[in-house]
Each structure stands twice: as C-alpha cells, then as structure tokens.
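Take a look at the following structure, please.
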Amino acid sequence: MPAAEPKYESKPGWWITKQIGERLGLHDYFNYNDFSEVIDWQLKQMGTSLEEMKKIGVKEYPRKSGPLYLGEGEEFKFNTSTGKVELYSVDLADEGFDAMPVYKAHPEPPQNFYRLIYGRAPMHTFSRTSNNPNLWDLMSENAVWVNPKVADLWGLKKDQEVWLKNQDGAITTFPVKVRVTERIRWDSVYMVHGFGHSDKKLSRAFGRGASDEELITNIAVDPIMGGTGMRGNFITFLKENPATERKEDKA
Amino acid sequence: MNEELFVSGRDIPNIDPYLNIWHWQIPLYLFLGGLAAGILFFAGFYTVRGKADRMQATVKWAPLLAPIALVLGLGALFWDLKHELYFWQLYTTVRLDSPMSWGAWTLMVITPLSLVWVASYMKEIFPWWDWKFSFLNKFEAWVIKNRVGLAWVMMVYAVILGVYTGILLSAFNARPLWNTSILGPLFLVSGFSTGLATTILLSKDPKERKRLSQIDLIFIVIELFLITHLFMGFLAGSETAIEAANLFLGGPFTVTFWVFVVALGLIFPAVLETLELLGYHVPKWLPAVLILFGGLMFRFIMVEAGQITRYLY
Amino acid sequence: MAIDTKKCVGCGDCVVACQTENNVPHGYCRDWIVERVDGTYPSLSLEFRSERCNHCDNSPCVRCCPTGASHKAEGGIVLVTHHKCIGCGACIQSCPYDARYPHPEGYVDKCTFCIHRVEKGQKTACVDVCPTHCLHFGDLDDPNSDVSLALKDRKWKVLAPEAGTKPQLYFLT
C-alpha cells in the first residue's frame, strides 16, 4: 500500500514482475490484478484481512512458543554440543579449525599504498539516493580522506582532484577530491560508498566523486563462516589523469 | 590540525565560500557620493568666505558635475537593489539606527540642493539660458539672494554625505575590516580630496589651482595619517581585526592596496603637487587623475576585502 | 533553541526538512551543518552543529534595515517582511553568522523558526524531523519549556559571542 502515489512513470516492483511474467507466458503464477489481492490473501492465512489491518495497523496474537524469558532457577540448555555458552568451540575443534580464535596479522599495505576503508554517510542510503535532488544538495560527491601527514608527503591539497589506483592496477573512472583530515589514520584512506556513477542518465550523480567498488578487487573470505571482508585493498594516488596518459602511450 | 567545514553541502550563491553580495555598484556609488560631497563642500565654503569670484571653477563649474555624480551614484545604488520595485519603501520610514536610511534621506536632500545650486548659476555659465516661466525666474532671484544661506546648508549636508559613505561600511559589526570608526573621517577626507581633484581638473585659473592643490595636499597628509591609524587600530584589536589587517599586510590585497591606493593614489600625487608648488613643471592633470584613480580603487578594495572578513569558519 | 552537539550526527535531515517545509529554492538553505574536528589522530574531538539564524536579542540586521522589513516579532523571532524588503543587502552584511541569503525573487530570506507552525502550537520542521532528538525548541522565559529544561543542567556555548549580538542558539557541549 503506497503511502504516496508514485510520480511520473514510476511503477511498483510487483507490476514490473507481473508484466515480465505475463510476457514469459507464466500467467498462472501472476494470477492477480493488483498486489493488494495477494496481501489480502496472505493476511487471510493469518486470520485477519487487509481491510482489518488498514483499520488497526497492528494485530497481536498470543505467543505459541512459550515465554520469552527464562524463569528463575529454570534449567536451560543452549543449542550447542555442550549445551553451554561456548567460548571454546568443540564443534570447530572437531572440524580441524581453531577452537578459540587465534590472532593472525592481516596484510599491511606496501610502500606508498594505503588501506582503502569505505563507509556510509548519514545523508545517503547506499548508492541509490545519490541522484535524489534534496540529498544531492546535501552531499553531491564523496571525497577521499587523507591524513595530514600523508597529504604533506604527497603534496596533496584540500579539494585537489586525484585518481586512485589499487594493488591490482584498477583505477577509478572519475577523479575524487581530497579531504585532508585527522579523522583518518596515516596508513589508511576513507571514502563514502555510493558515488562515482558512470550512467549518464543519473543526471545529477553522473561522474560525481569516485566509486570505491572499482577498487575492491581483493575480497577476503573467512575460512570458518564464509564471511567476506572487502577492506583488504590498498590504493595509491595518481595526481594526473590516467586516461590522458594511456592515450599518450598509444600514440 | 583543526578543521571546520560545512557538511550539508551549503553553497549559496554570493554568500559562500565568502560573501560577495555587493559588487561594483556600491564602491562606485561611494566614490561618486564622496566626490560630489567634496565638490559641493568647497563650492559652499568659498561662497561663505565671499571668494566666489576668485574661485570660479570651484563655485560655478565643478558643481555642474555634482548632481550628475549623485544621480549616477543613485542609479548604481538602485541597480544594486535586488527588489528594485520596492525601493520607495525607503521613504516610508526614518530609521535612525540604519545608516542606509540616513543615506537615503541625505541624498533626498542634497541632490535637489545641488540642482538648485547649479540652476542659480545657469545664466552665468550659459548666457543664452532662459527659465521660460516667470515663477522659475522669481525662484532663481530668491536663490541668488540667499546663496550664502544655501551654501551653509550644502556644506553641512556635504559633510554628512561624506561621513556617511564611510559609516555605511563601518556600521557593520560583522565585517571586522569595516567595523572601525576611523572609516567615517577617512572616507570624508578621501571624498573631499577626490572632489578637489575634479575641481583642479576643471579649473583654468593657475591661482585657483594652486590654492586647491595646497588644500588637497593637507587632505592627503590627513588621509595617510588616518590609514596608519586604521592599521594600528586593527593590529591592536581582536583576532578577527588582526586577520582583517593581514589581508593588506601580506594577504591577497597587499599589492593592490599599497601600490595603487597608497603609492599611486596618495604619495605620488602628493609629491607631484609639492613639486608643482615649489615651481617645477608638472602636467597639471596628472596628480588629479591619480587621486581620482586612487580614491576609486580604495573604495573597490575596501568593499571587496571587507566582505571577506568574518567571525566564523 | 538549543542544539545538542553530543547527539547530532550531521545527517542533514533538518536541512531537507526546512527546504521542503519552507519551499526554499534549490541551491539555497536556511539551516546547515558544520563539522568541527580538533586535535591530532588518535586524540580527536568531533563536534556537529546544526546552525541557522541565531535570532539575536541585539540583532544587527534589524538595526541596519533601512525600511523596517527586518523586524523582531513577538517572542523574539527575527523576521523579514518580503514586501517591505528592497534587497539592499545591508542585513546580509551585518550578520556575523551569514544566516541570510538573497532569495532569487529579490527579497532577503532567512530562518523564521517556522513561525507558521509555532503559531499553531507545533514545533519547527527541523526539530520535528531530527532523528536523534538533538534539537530543543521553546520559550526561554518559560522554565518548563523544552529548551529551558535542556539548558538547565548542561554546559553550553553560543557562537561568536564577541560579535555582541546576544545570539539565541545555544549549543550544548
């Protein structure tokens, strides 16, 4: 149920999916005219209806899985092989992993390279709001944060445009402005994720700032639980436009 | 390292990164206003002293330019307004706290005064001139009879106008470079000096020119003295005042100010005038033109630099 | 108004709320956020300030206005009457906080403390929307108002007190 009617040519996600489905001849899977019918059906399975939910907003059901908290003195077993809270994991030891985490030094940046740390800005949600006019006014491009000591070393000035190159030779498509700040360590640089869009249809966001994704070519994977770490990339600064250099090389 | 920056993308036209809300119109108007004040003051002065016959250019010819300068200045002011069609709101109220209100009313008085003054000399300047209507001729006769009285009023308003061109800026507490009471007398003296320079350019009588040059020399010395005091005051002031002074003492305005305003606009013409008074031959237009140039530059620099000085960020 | 610099995260919601509530033209703003960093890594202090017109008690903009367009409304809010403003820029020059701007339509515009909402008993748009509740608005003469309670047991500062304008934005530190 949209809180505000969509503007211009915007279409809801369900409508787009249904149109694609219909064209693929999958009409049976999209047997509704409006998604509210689906929501209504789903709610009816729960013993309520869309009409009722529109009126009351929230409906509470009695808990079926027992009380939320432990009673005093109550016996309880955790869902582990020892039945206890495990600091030492028997299961991990059985699989041949470290039963307790052992510190392993992480790779350090080579000379003249800096660890690329990416993060978010409170104004934007990932990269999808960067073309929103109001939020674009607030923050229209990202900057690469550089410690003053590093800036001195490289002769970088505030708002100077640089290109970034990582350890695998990947270079940002667009330049990014330097912010000289104490808020970043001297072995790292920081940039906000979600900028440096290369689609010209993003009329405001196109070519503003640089994209950190282009520099994340090395993804570390946790051998135990498979989690990914993308802050193990190292970058260096290019003060000249690498595109012009490439052209010169060809000529 | 300390860092203070806008993080909400604030970038308002003419406000950020530094204020630039007043462009060429205001300094031009301050220049023309000061120049007119100078011309009218000395026209009045020599009339009151009863030397109108010996100071023909001062009393008769130069005042022709005063209303033109005032009207051009007013035009520049009007041009500067962003909400022009509401300008009449200036004349619906008198606000004693506001220098701009003072200025609007002063101009309202002195512009017609200068026109009346010029009109009373029209027949002497252009012998073929005729006022066509008898009531105008009667009015002219009345003005000519009461010229000394008119001269007194004009002198008073010329001083108010001259001081006002400085006070307009010095009333702004938020701009440390302007916020000094020396600006009032400094602009008055500088305005009178440019008025004298204009009169010297127009005068054909060597005796009159010599007299005016002598007065001008005194004004230039006072001006240099006031400029020295201006900087002494800044350097003994708060952090913001010291920063303001540093724009001229090593900052981006150092060369333009000391070379164009002080050297070319004050010291050089002063030396030339002294040489002339000592009997050396100097092109008579050169010191006057330099003074006018220096005066104009001075106002442009003060308006431009003042807007850069601030309290925050 | 009191602004809690310890709670503000500098998200800019107050800025967008103001722009949409007051139809502020694109590229302009009546409030803005300043980030201040002091110290050397790793001993740093960081301050976010949501800034706007200080509605000064001794307001230079009201004094220097030649037409009376800039005035102090009942309750101390500094306002501009658009049809009296001639756009001379004197008030912009007089403001130590650079809180005023020339509206593209010619008159000078600034924060009104959302007087159209306050008159109806509502809070200003920026206060209402702040996700960290770092803005406190109200009548300083009323000891039980939000702002008075916020100021009661916290240390605070005002910006550029040396400008002598008696600013009425209090930054809790």
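Give the cross-link partners of C:Lys123 among the aspartates and glutamates, using a straight C-alpha distance below 19 Å as the criterion and excluding same-chain residues fewer than 8 apart.
The qualifying aspartates and glutamates are C:Asp4, C:Asp13, C:Glu21, C:Asp31, C:Glu51, C:Glu74, C:Asp139, C:Asp141, C:Asp142, C:Asp146.
Something else about it: With springs only between Cα atoms under 10 Å, which of B:Glu124, B:Glu239, B:Glu140 fluctuates most in a Gaussian network model of chain B?
Of B:Glu124, B:Glu239, B:Glu140, the Gaussian network model singles out B:Glu124 as fluctuating most.
Additional query: Could you sort the peptides B:107-114, A:227-234, B:160-167 by per-residue average Cβ neighbour count (10 Å cutoff), highest mean leading?
Most protected by this proxy first, the peptides run B:160-167, B:107-114, A:227-234.
Ok, one more. Give me a single rounded figure for A:180-191: the average over its residues of other chain Cβ atoms within 10 Å of their Cβ. Before the final figure, lay out the partial values.
Working: counts 2, 7, 12, 7, 1, 2, 1, 0, 0, 0, 0, 0.
Rounded to a whole number, the mean comes out at 3.
Across peptide B:76-88, how many C-beta atoms of other chains are within 10 Å of each residue C-beta, on average?
Numbers: counts 0, 1, 1, 0, 4, 6, 13, 15, 3, 4, 10, 4, 2.
Across B:76-88, the average partner-chain Cβ count within 10 Å equals 5.
Return the whole-Å distance between the Cα centroid of region B:37-105 and the Cα centroid of region B:270-299.
When both Cα centres are located, 25 Å separates them.
Then there's this: Percent relative contact order of region C:1-137, based on C-alpha pairs within less than 8 angstrom and at least six residues apart? All intermediate terms of the calculation are to be shown ahead of the outcome.
Details: 225 pairs, mean separation 37.7, N = 137.
The normalised contact order for region C:1-137 reaches 28 percent.
While we're here: Partner chain Cβ atoms within 10 Å, averaged over the residues of A:149-158 - can you pull that number for me?
Working: counts 3, 0, 1, 0, 0, 0, 0, 0, 0, 2.
Average per residue, whole number: 1.
Highest mean first, what order results for C:37-43, A:115-121 on Cβ atoms within 10 Å?
On the way: C:37-43: 12.6, A:115-121: 17.3.
Listed from highest to lowest mean packing, they are A:115-121, C:37-43.
So how many Lys-Lys pairs in region B:25-308 land under 29 Å Cα to Cα, not counting same-chain pairs under 8 apart?
Lysine pairs meeting the criterion: 29.
What relative contact order, as a whole-number percentage, does region B:25-308 give when Cα pairs under 8 Å and 6 or more residues apart are counted?
Details: 371 pairs, mean separation 68.5, N = 284.
Computed value for region B:25-308: 24 percent relative contact order.
Wrap a convex hull around the Cα atoms of the protein assembly as shown, take a quarter of its surface area, and give that in square nanometres. Before the final figure, lay out each step's value.
Numbers: hull surface 211.9 nm².
Value for the protein assembly as shown: 53.0 nm².
Less than 22 Å apart at the alpha-carbon level, and either on another chain or at least 8 residues along: which lysines does that give for A:Lys149?
Straight-distance partners of A:Lys149: A:Lys157, A:Lys158, A:Lys165, A:Lys177, A:Lys239.
What helices does chain B hold that run 15 Å or longer along their axis, going by alpha-carbon atoms, with a Kyte-Doolittle average of -1.0 or more, using DSSP H for the helix calls?
Details: long enough: B:25-48 (34 Å, 1.62); B:65-80 (22 Å, 1.82); B:99-125 (37 Å, 0.87); B:134-145 (17 Å, 0.28); B:147-170 (34 Å, 1.75); B:183-202 (28 Å, 1.62); B:206-235 (43 Å, 0.84); B:285-308 (35 Å, 1.57).
Once both thresholds are applied, what remains is B:25-48, B:65-80, B:99-125, B:134-145, B:147-170, B:183-202, B:206-235, B:285-308.
Excluding residues on the same chain fewer than 8 positions from A:Lys11, give the aspartates and glutamates whose Cα lies under 13 Å from its Cα.
A:Asp34
Given an 8 Å cut-off on Cα distances and at least 6 residues of separation, report the relative contact order of region A:32-166 as a percent.
RCO, region A:32-166: 6 percent.
Still on this model: How many angstrom separate the Cα center of region A:105-158 from the Cα center of region A:28-98?
Result: 39 Å between the Cα centres.
In whole percent, and with a 1.4 Å probe on the protein chains, what portion of the accessible area of the protein assembly as shown is carbon and sulfur? Walk me through the intermediate numbers first.
On the way: 22810 of 38240 Å².
Carbon and sulfur atoms account for 60 percent of the accessible area of the protein assembly as shown.
The values are calculated or read from the model by the stated rules, or taken from the named source; none is laboratory data. Owing to the predicted nature of the structure, the values given are computational and were not obtained by experimental measurement. No Cβ is skipped: glycine too gets one built from the backbone with ideal geometry, and neighbour counts run over all protein chains shown. These area figures cover heavy atoms from the full protein model, side chains too; ligands, DNA and RNA do not enter into them. Shrake-Rupley method; radii C 1.70, N 1.55, O 1.52, S 1.80 Å.
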